[in-house]
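The values are calculated or read from the model by the stated rules, or taken from the named source; none is laboratory data. Worth saying up front: this structure is predicted, and the values here are computed from it rather than measured. All Cβ positions, glycine included, derive from the backbone under ideal geometry; neighbour counts span all protein chains shown.
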Ligand SMILES: [Zn+2]
């Protein structure tokens, strides 16, 4: 369950940004969670929901953007949607494939008031 420590990190980051910009409220935070990032988006969202109480993000709109995993097959050059790291090519079953996206975990933006 590293979702809880990630949620804490996100809250700390938001707190630092708010202090840096001299604001007391963050109206919205956007977080990108790739399907292959190893972060369970639902678990992360509920962890964040529990941890934001009494923090700068208490009343913020939390916007989690999920990006699908993308794979590229070396053997047949197919680009395909990758649902897990060990996925083989859906066309020729080659393995392993190159991961081309979906590994992101980052705060995209913070909207302050
Ligand atoms: Zn292939």
Restricting to region 77-91, name every residue that is within 8 Å of the ligand (Cβ to nearest atom) and loosely packed, with under 13 Cβ neighbours inside 10 Å.
77, 91
Residues 29, 11, 99: which one is in contact with a strand residue (DSSP E or B) (Cβ under 9 Å, 6 or more places away or on another chain), away from the ligand (no atom under 16 Å from the Cβ) and either in a strand (DSSP E or B) or modelled with pLDDT of 95 or more (or both)?
29
Of the numbered conditions (1) touching a strand residue (DSSP E or B) at 6+ places or on another chain (Cβ under 6 Å); (2) over 30 Å from residue 21 (Cβ atoms), residue 66 fails exactly one; give the number of that condition.
(2)
Residue tally, condition assigned to a loop (DSSP other than H, G, I, E, B) and surrounded by fewer than 15 Cβ atoms within 10 Å (Cβ to Cβ), over region 41-72:
5
